[in-house]
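First comes the structure, then the notes that go with it.
The values are calculated or read from the model by the stated rules, or taken from the named source; none is laboratory data. Model, not experiment: these values are computed from the prediction. Methodologically, a virtual Cβ is constructed for each residue, glycine included, from the backbone with ideal geometry; neighbour enumeration extends over all protein chains shown. In case anyone asks, the SASA skips ligands and DNA or RNA and just uses the protein heavy atoms, side chains included. Shrake-Rupley method; radii C 1.70, N 1.55, O 1.52, S 1.80 Å.
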Amino acid sequence: MASKTHPDDELDDSSAPLIEHLAELRTRIIWSLLAFIVAMVLCYTVWNPIYNFLTRPICHALELRGQECGLILLKLQEGFFVAIRISLLGGFALAFPIIAYQMWRFVAPGLYRNEKSAFLPFLIASPVMFFLGAAFAYYIILPMAYDFFLGFQQGPLALPDDGSGEAAQAVADNPMAAIVFQGSVDEYLSLTTKFILSFGLSFQLPVLLTLMGKAGLVTAEGLGSVRKYAVVAILMLAAVATPPDVVSQVVLFTVVYGLYEISIQLVRRIQKRREAELRAQGLWVDDDEDEKDGA
């Protein structure tokens, strides 16, 4: 005797895949959080060396001016929160490969083989380009930016209350109102991380545009036709992300615009490869033939 299927049973069966996907997503999120927490704890144990590494640009700029390198704590709890901020940033950077791997494990089962081979290079290229942008900001842009900012100091580059007789004598010889840098640790790290994150994200431009070209959302011709608008957008980015220093702005504009042109060439290569595959399969139709058919 055949048994009747209850409507509720059909509903439960149809919702089972969704529940499985949610369970898989929960597992991947848990592993990502665990990796981030472990990495953050490890970075907290070595936050002092990380802090020393992040302060090298300002210390080098001060050393060129014959000034001692030192940042101050304006608030009692500021030192603790600085250590936490460094731990968060370092923990995310250290755990990012594991987080990206968990993302890949969640997305990969729903992709075809050709889609996996297309998506995986972008997953690898994204962190590589981010670290390249961060390194460019750290080694190129930050020294120029801090040299520009410190150029607004005037008078004796030492305060009279620092306990040195030379500072008091310098004030007596030159009685103008001195402007001396006494930076806050929190403010300095905020500015430094802003530069590093801005350039790291800017270097994602080729990855993003190439991925969009792979998906057919943009074309090389379309990107070339809006080149003048891209120039304006990049100029605005350079004005916001860098100090009002012409040299650093020109460097940032040149690099990001170069990445834009590289993106156009990468998208063009993808289009040519797709055209060759379609021609081999006999599925490619030229635009001239479409116009003749429509006439």
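Using the Cβ-Cβ distance between L22 and Q154 with R0 = 35 Å, the FRET efficiency computed as 1/(1 + (r/R0)^6) comes to roughly 0.05. With the simple model of a label 7 Å out from the Cα in the direction of the Cβ, E261 to N52 spans 4.2 nm. Remark: accessible surface ordering of V256, V218, V246, V226 (largest first) is V246, V226, V218, V256, probe radius 1.4 Å. Full extension of the segment from K228 to Y44, taken as 0.36 nm per residue of separation minus the current Cα-Cα distance, would add 61.7 nm. Along the range 255-264 the Karplus relation, 6.51 cos²θ - 1.76 cosθ + 1.60 evaluated at θ = phi - 60°, assigns HN-Hα couplings of 5, 5, 5, x, 5, 5, 5, 4, 4, 4 Hz to successive residues, with x for each Gly and Pro.
Express the accessible area of the range 178-274 per residue in Å², computed with a 1.4 Å probe while the remaining protein chains stay in the model.
About 51 Å² of surface per residue is accessible.
If you sort L205, L42, L120, L62 by accessible surface, 1.4 Å probe, largest first, the order is L42, L120, L205, L62. The listed residues C69, C43, once ranked by accessible area (1.4 Å probe) with the largest placed first, stand as C69, C43.
Here the simple spin-label model places points 7 Å from the Cα toward Cβ, and for Q271 and W104 these points are separated by 3.0 nm. Computed extension length for L235-A215: 4.4 nm, one decimal, from 0.36 nm per residue of separation with the Cα-Cα distance subtracted.
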